[in-house]
1. Taking only pairs six or more apart or across chains, which ones have beta-carbon atoms under 8 Å, a first residue in region 26-48 that is acidic (Asp, Glu), and a second residue that is in a helix (DSSP H, G or I)?
2. Sort out which residues of region 131-163 are surrounded by fewer than 14 Cβ atoms within 10 Å (Cβ to Cβ), part of a loop (DSSP other than H, G, I, E, B) and at pLDDT below 80, and write them in order of number.
3. Could you list, in sequence order, all residues of region 49-80 that are part of a helix (DSSP H, G or I) and in contact (Cβ under 8 Å) with a residue 60 or more places away in the chain?
4. Search region 89-106 for residues being at pLDDT 85 or above and either assigned to a strand (DSSP E or B) or of a type in the set (A, V, I, L, M, F, W, C) (or both), and hand back the single one that is farthest from Tyr47 (Cα to Cα).
Amino acid sequence: MNKKGERIFSVWWVLSIVFISVVFAGAVYMIYSTDVNIRDEESKILYERIYDCIIENGYVSEDFLKNDFDIFSVCKLNKNLFSEGLFAFSISLYDENDNLVQDKFTTGFSDISERCVYSRSSKNSPTCFDKKSLVFYFDSNKIRKGYLEILTVSNNFEKGGSR
């Protein structure tokens, strides 16, 4: 047999295995070392979930306008996530002249609006999503036009919402 050919083949074989291993380890390192931030999407998903729960057939739910409306049970939200400070939201209903009809809910942090003003100051700040939508609601059996403002916040940095 050709011993010299086998040695050259063995050296190239080992070098190929080492090269493939280094490339694989580098790819794994690059994937796991990137900073993944999903807080923007979390706050948008929370907004959509609350909005879809409040709006029924194009109108603000009559249950929402009642004082005993429990948003956590109706919208199937986990209250513990809000009490731990991972998420927060605020919901306000305005009439067509921008007068406050109902300031329904603020849960999560007590200073939700201030945190959102300064939210872009650092990488670890909460991420906010604020949207004011045209809605219709019933008031004294009359259909009224108004605006539903929902502010949602994700502060899910420490618990794995971002790496």
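1. What qualifies is Glu42/Gly161.
2. Correct list: Arg163 only.
3. Going through region 49-80, the residues part of a helix (DSSP H, G or I) turn out to be 49-54, 71-74, 79-80.
Within region 49-80, Ile50, Tyr51, Ile54 meet the criteria.
4. Taking region 89-106 as the starting set, the residues that turn out to be at pLDDT 85 or above are 89-97.
Then keep just the ones that are either assigned to a strand (DSSP E or B) or of a type in the set (A, V, I, L, M, F, W, C) (or both); that gives 89-95.
Working: Phe89: 8, Ser90: 10, Ile91: 10, Ser92: 13, Leu93: 15, Tyr94: 17, Asp95: 20 Å.
Taking the candidates together, the pick is Asp95.
For every residue, the table says whether it meets (1) within 30 Å of Tyr137 (Cα to Cα); (2) in contact with a helix residue (DSSP H, G or I) (Cβ under 7 Å, 6 or more places away or on another chain).
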residue: Ile17; (1), (2): no, no
residue: Gly26; (1), (2): no, no
residue: Met30; (1), (2): no, no
residue: Asp35; (1), (2): no, no
residue: Arg39; (1), (2): no, yes
residue: Ser61; (1), (2): yes, yes
residue: Asp70; (1), (2): yes, no
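The values are calculated or read from the model by the stated rules, or taken from the named source; none is laboratory data. Since the structure is predicted, the reported quantities are computational estimates derived from the model, not experimental observations. With ideal geometry, Cβ positions are generated from the backbone for all residues, glycine too; neighbour counts draw on all protein chains shown.
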